[in-house]
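Below is one structure, written out as structure tokens; the observations come after it.
The values are calculated or read from the model by the stated rules, or taken from the named source; none is laboratory data. Keep in mind it's a predicted model, so treat the numbers as computed, not measured. Here the Cβ is made from the backbone with ideal geometry for all residues, glycine too, and neighbour counts use every protein chain on show.
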Amino acid sequence: MSFPVLKIGDLTAATPIVQGGMGVGISLSRLAAAVANEGGIGVIAGAMVGMREPDVASNPVEANVRALRREIEKARELTSGIIGVNIMVALTTFADLVKTSVAAGADVIFSGAGLPMDLPKLFQETCEEKKQEFRTKLVPIVSSGRAAALIAKKWAAKTGLLPDAFVLEGPKAGGHLGFSKDDIFNTDFSLEKLVGGVVDAAKSLEDKAGRAIPVICGGGVFSGEDIARMISLGASGVQMATRFVATEECDADIRFKEAYVNATEDDITIIQSPVGMPGRALKGKFIEASREGKKKPFKCVFHCIKTCDPENTPYCISSALINAMKGNLDKGFVFCGSNVGRVKSIVTVRELVESLRREYDDFMNSFKVQPA
């Protein structure tokens with residue numbers, strides 16, 4: 001017995017793991033390709049992907065578009081596996097990055113941090129503009145069955161398209177969370193309790209779609225046993241991010257990775273991000289200073305987030321995340337999932353996937369649990 005495959009339309013991932021898209025610059029072509037080479041779905045994060053471009057401050061749209069196209073091309077050179085892109089709805093460059101991803105041949109676009117109502121329209125526009133039928137799969141990231149049903153209804157009414165899959169991201173995820181601060185620790189919103197509603201919403205659409213619409217669960221999925229449990233609850237696969245930070249192929253600085261290895265559960269905190277959403281991160285000097293009211297004045301040059309108000313925002317989130325990615329942790333902060341304290345070492349992506357496979361097999365064999 002081993003992992004079941006994850007099918008999204010005509011795409012088949014031999015390993016039912018989607019590597020979560022982690023910005024800024026944590027998951028780029030190197031990590032995504034390594035995951036794809038192990039049979040999973042590797043994901044490039046679109047947020048401020050052009051951070052190293054010389055004209056990112058003067059020409060952020062073109063810089064980010066150029067960099068994203070190059071990251072997709074680099075990933076393609078490193079793997080024949082499945083490559084996706086994560087594009088936050090909250091990005092001011094959302095439309096440009098979606099169209100770039102489709103035209104560059106990304107296999108999947110994952111989109112959250114807001115409801116991606118315009119995603120299918122942008123996909124269709126790209127096909128029309130390029131006079132080509134692209135096969136990019138469109139996958140919204142949701143926090144409930146209600147959100148999944150709403151998105152599907154709006155997509156169908158506006159474009160006739162339906163989601164190719166859903167990612168359900170629970171409150172134990174890292175980074176920006178689609179829950180209120182009060183709900184993050186409310187057991188009524190646990191991944192285990194939410195999955196059934198999203199699976200039901202997806203199944204209700206399958207006759208109309210003429211295909212299966214898989215549900216991928218993320219947020220607190222850490223072990224092979226966790227993968228088995230999610231699949232037994234009706235999920236077709238899982239999304240994992242935290243585990244992939246502590247890999248040799250992760251695109252972040254070694255000091256960022258070591259922050260994960262050295263973290264304990266007590267180091268985790270919930271912040272209110274300038275994006276307008278709560279987020280899970282590791283405590284540090286930067287966050288402490290922000291909470292003490294020490295505003296870090298900045299001139300907004302990136303114009304990256306639609307909801308950011310530079311006049312009233314205590315710091316530039318893009319600059320903070322870029323600094324952290326480069327290992328300058330005192331000048332930024334590290335997003336993380338709820339299980340970061342369980343990360344004990346840096347391994348290769350292959351070693352990680354193999355260990356997850358063994359744990360999955362051991363659990364399934366011991367309890368004779370069959371996939372749903």
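Here is how the numbers come out for the structure above:
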{"quantity": "Restricting the stretch 21-47 to residues that are hydrophobic (A, V, I, L, M, F, W, C), closer than 13 Å to Glu71 by Cα and within 14 Å of the chain's Cα centre (by Cα), the residue that is surrounded by the most Cβ atoms within 10 Å (Cβ to Cβ)", "calculated": "Ala32"}
{"quantity": "Where a residue in the stretch 48-72 is on the phi > 0 side of the Ramachandran plot and its partner, wherever it lies, is surrounded by 15 or more Cβ atoms within 10 Å (Cβ to Cβ) and aromatic (Phe, Trp, Tyr), with Cβ under 9 Å and at least six apart", "calculated": "Met48/Phe302"}
{"quantity": "Residues (under 22 Å from Pro140 (Cβ atoms) and either touching a helix residue (DSSP H, G or I) at 6+ places or on another chain (Cβ under 9 Å) or without any contact (Cβ under 8 Å) to a residue 40 or more places away in the chain (or both)) located in the stretch 76-87", "calculated": "Ile82, Ile83, Gly84, Val85, Ile87"}
{"quantity": "Failed item, numbered, when Ala157 is tested on (1) under 23 Å from Asp207 (Cα atoms); (2) buried (at least 16 other Cβ atoms within 10 Å of the Cβ)", "calculated": "(2)"}
{"quantity": "Test: Val167 is closer than 30 Å to Tyr260 by Cβ and of a type in the set (Val, Ile, Thr)", "calculated": "yes"}
{"quantity": "Which numbered condition Val340 fails, given (1) surrounded by 18 or more Cβ atoms within 10 Å (Cβ to Cβ); (2) within 29 Å of Pro60 (Cβ to Cβ); (3) at pLDDT 85 or above", "calculated": "(2)"}
{"quantity": "Qualifying positions in the stretch 172-181 - on the phi < 0 side of the Ramachandran plot and not in a loop (DSSP other than H, G, I, E, B)", "calculated": "His176, Lys181"}
{"quantity": "Enumeration of residues in the stretch 182-228 that are more than 24 Å from Ala45 (Cβ to Cβ), in contact (Cβ under 8 Å) with a residue 12 or more places away in the chain, assigned to a helix (DSSP H, G or I) and not hydrophobic (A, V, I, L, M, F, W, C)", "calculated": "Asp183, Glu192, Gly196, Gly197, Asp200, Ser204, Lys208, Gly224, Glu225"}
{"quantity": "Selection count where residues are surrounded by fewer than 21 Cβ atoms within 10 Å (Cβ to Cβ) and either of a type in the set (Phe, Trp, Tyr) or in contact with a Ser or Thr (Cβ under 8 Å, 6 or more places away or on another chain) (or both), scope the stretch 225-246", "calculated": "0"}
{"quantity": "Filter result for the condition that a residue is free of Cβ contacts under 8 Å to residues at least 24 places away in the same chain, among the basic types (Lys, Arg) and farther than 22 Å from Gly21 by Cβ, over Lys130, Lys158, Lys153", "calculated": "Lys153"}
{"quantity": "Filtered residues of the stretch 101-156 (kept if closer than 20 Å to Gly178 by Cα and in a loop (DSSP other than H, G, I, E, B))", "calculated": "Gly112, Ala113, Gly114, Leu115, Pro116, Met117, Asp118, Ser143, Ser144"}
